[in-house]
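Student: Below is one structure. I have some questions about it.
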Amino acid sequence: MSKLSSFSESITALATPPGKGAVGVVKVSGSNIQTLIRGILGFQPDPRSAYKCTFIDCDNSVIDSGIAIYFPAPHSYTGEHILELQGHGGIVVMDMLLKRLCHLGARMARPGEFTERAFLNNKIDLTQAEAIADLIESDTETAARCAQRSMQGEFSKRINSLKEILVDVRMYIEASIDFVDEDIDFLSSGNIDNRLQKLRTTIALLKKTTQKGCLLRNGMSVVIAGRPNAGKSSLLNFLAGKDAAIVTEWEGTTRDVLRETIQIDGMPLHIIDTAGLRQTENPIEKEGIKRAYNEIENADQLLYIVDSAVPNDDSKLLTSFPNSIKVTKIINKIDLTGIEPKCVNTSGYTEIFMSIKYDKGTDLLLEHLKQIVGLDQNTEAVFTARRRHLDALDETENYILSAINALEQHHQCEFLAEDLRLAQNMLSKITGEFTSDDLLGEIFSGFCIGK
């Protein structure tokens, strides 16, 4: 997709939250807004200087008095001329300013249109644009710092570094195609096999960091499952820090899905309590169990809880869950069996022995959850990321694997070249060099108006 360098329309929007406040900010952006500036200010301000002035209405009456700052293109947020008006933060005053700017030729901006123009004018790439929205929406200090790293281009640098390696490798592949009659082994001289293997390893490491960034942005979905009366609702209440679910000695109390969102050291966790898994003829309980399995299939982490005092063989049930789901087995009610709190790593999953009722071993669970998302490690290198980034890296890795296979099977270089071209396109989709209008519309429509 080709990026635009200018736009025919000027756009305006309120840059501060609507409502009453000490200061309200309106900004306008366009490729040629000098007439608009003179119309509302009565003069042309010098670049990047703050002017205390009045804002003039169409009948030369004063709308408000405040500060005006002019940022000429291309040294502005959007890459276009920008005028910023800082006035008194009243609803009516801000509305009058917007009406005046529209009367002078601007139109109201769409959600995210200022940032979209910054992207289209090559001021930022797509990952940086998304990071701006992530920073605004950050609920924790950790998420805000990670968004800042993406805004500063940390993620983009990693992607561009991969693209540079790919371009260099493609150069040798294309040369072997173009100069097939020459007595030169371009593939051997370029050390293609080792470089592709190293590229595959680098992508795998980047995927891990990206996965962590996705979790920090979206939160991790943690589903609590198990047999009736194993302590699922008690565990939900413990993690939520309140009585979110009814806890009784009667089996089948939980019939529907219960959801709570918590934070552990800045990491959002979406905790989901489900109905007890068992054979039943009760149609309501059957529906609850069906919903429980639906939640399990979509979980990032499954906490499967069992009653240590009740002997049950859950191995068959545990192996029935999708292999892609990470399972932690919680052995609850150790106060009834005299077992000490402990965390044991088995070949299939982690087992945590604890008593929710008497708060024994619960610290082991919290540490385990932090370990799962990497919060027990240094997060200085983590940046915010989205599911589309992870999907693109998955596709890139698949194309690299296909290229390695083509090289090992001595396939024609054209197949190898095509795999690497597609891999490069996938990386370009992440930064926005190669993307679609539909994707851009989906991304920027999620922004607030005025950003």
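Student: Only one residue in Ser8, Ser29, Ser49 is surrounded by 20 or more Cβ atoms within 10 Å (Cβ to Cβ) and touching a strand residue (DSSP E or B) at 6+ places or on another chain (Cβ under 9 Å). Which one?
Tutor: Details: Ser8 fails: surrounded by 20 or more Cβ atoms within 10 Å (Cβ to Cβ); Ser49 fails: surrounded by 20 or more Cβ atoms within 10 Å (Cβ to Cβ).
Exactly one residue qualifies, and that residue is Ser29.
Student: Residues of region 151-208 being at pLDDT 85 or above and either in a loop (DSSP other than H, G, I, E, B) or touching a strand residue (DSSP E or B) at 6+ places or on another chain (Cβ under 8 Å) (or both), which ones?
Tutor: Gln152, Gly153
Student: Kindly list the number of the only condition in (1) within 33 Å of the chain's Cα centre (by Cα); (2) of a type in the set (D, E, K, R); (3) on the phi > 0 side of the Ramachandran plot that fails for Asp363.
Tutor: (3)
Student: What pairs can you find where one residue is in region 142-170 and free of Cβ contacts under 8 Å to residues at least 40 places away in the same chain and over 13 Å from Leu216 (Cα atoms), the other is basic (Lys, Arg) and surrounded by fewer than 16 Cβ atoms within 10 Å (Cβ to Cβ), and their Cβ atoms are less than 9 Å apart, with a gap of 6+ or different chains?
Tutor: Going by the 9 Å Cβ cut-off, the qualifying pairs are Ile165/Arg195; Ile165/Lys198; Asp168/Arg195.
Student: Another one. Which condition from (1) modelled with pLDDT of 90 or more; (2) assigned to a helix (DSSP H, G or I) is the one that Ile296 breaks?
Tutor: Failing condition for Ile296: (1).
Student: Which condition does Ala417 not pass, out of (1) in the same structural domain as Asn229 (by TED's automatic domain parsing); (2) surrounded by fewer than 21 Cβ atoms within 10 Å (Cβ to Cβ); (3) among the aliphatic types (A, V, I, L, M), if it passes all the others?
Tutor: (1)
Yes/no matrix, rows are residues, columns are (1) more than 20 Å from the chain's Cα centre (by Cα); (2) modelled with pLDDT of 90 or more; (3) part of a loop (DSSP other than H, G, I, E, B); (4) among the charged types (D, E, K, R):
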residue	(1), (2), (3), (4)
Gly374	no, no, yes, no
Thr379	no, no, yes, no
Thr384	no, no, yes, no
Asp391	no, yes, no, yes
Asp394	no, yes, no, yes
Tyr399	yes, yes, no, no
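Student: Hey, another quick one. For region 294-316, how many residues meet the condition of being surrounded by fewer than 16 Cβ atoms within 10 Å (Cβ to Cβ) and either among the aliphatic types (A, V, I, L, M) or without any contact (Cβ under 8 Å) to a residue 40 or more places away in the chain (or both)?
Tutor: Of the residues in that region, 8 qualify.
Student: Kindly indicate whether Ser49 is under 30 Å from Lys429 (Cα atoms) and without any contact (Cβ under 8 Å) to a residue 40 or more places away in the chain.
Tutor: No.
Student: Can you say whether Gly39 is assigned to a helix (DSSP H, G or I) and out of contact with any Gly (no Cβ under 6 Å at 6 or more places or on another chain), as far as the supplied structure shows? Let's see the steps before the verdict.
Tutor: Details: assigned to a helix (DSSP H, G or I): yes; out of contact with any Gly (no Cβ under 6 Å at 6 or more places or on another chain): yes.
Here the answer is yes, as Gly39 does meet what is asked.
Student: Let me ask something else about it. Considering (1) surrounded by fewer than 20 Cβ atoms within 10 Å (Cβ to Cβ); (2) outside any loop (DSSP other than H, G, I, E, B), say which one Ile331 fails and leave the rest.
Tutor: Of the numbered conditions (1) surrounded by fewer than 20 Cβ atoms within 10 Å (Cβ to Cβ); (2) outside any loop (DSSP other than H, G, I, E, B), the odd one out for Ile331 is (1).
Student: Kindly evaluate Gly112 against the criterion of being of a type outside the set (A, V, I, L, M, F, W, C), surrounded by 22 or more Cβ atoms within 10 Å (Cβ to Cβ) and at pLDDT below 95.
Tutor: Numbers: of a type outside the set (A, V, I, L, M, F, W, C): yes; surrounded by 22 or more Cβ atoms within 10 Å (Cβ to Cβ): yes; at pLDDT below 95: yes.
Judged against the criteria, Gly112 is a match.
Student: In the list Gly66, Gly87, which residue meets the criterion of being in a strand (DSSP E or B) and more than 30 Å from Ala131 (Cα to Cα)?
Tutor: Every option except Gly66 fails the conditions.
The values are calculated or read from the model by the stated rules, or taken from the named source; none is laboratory data. Not measured: the values here are computed from a predicted model. Neighbour counts run over all protein chains shown; Cβ positions are idealised from the backbone, glycine included.
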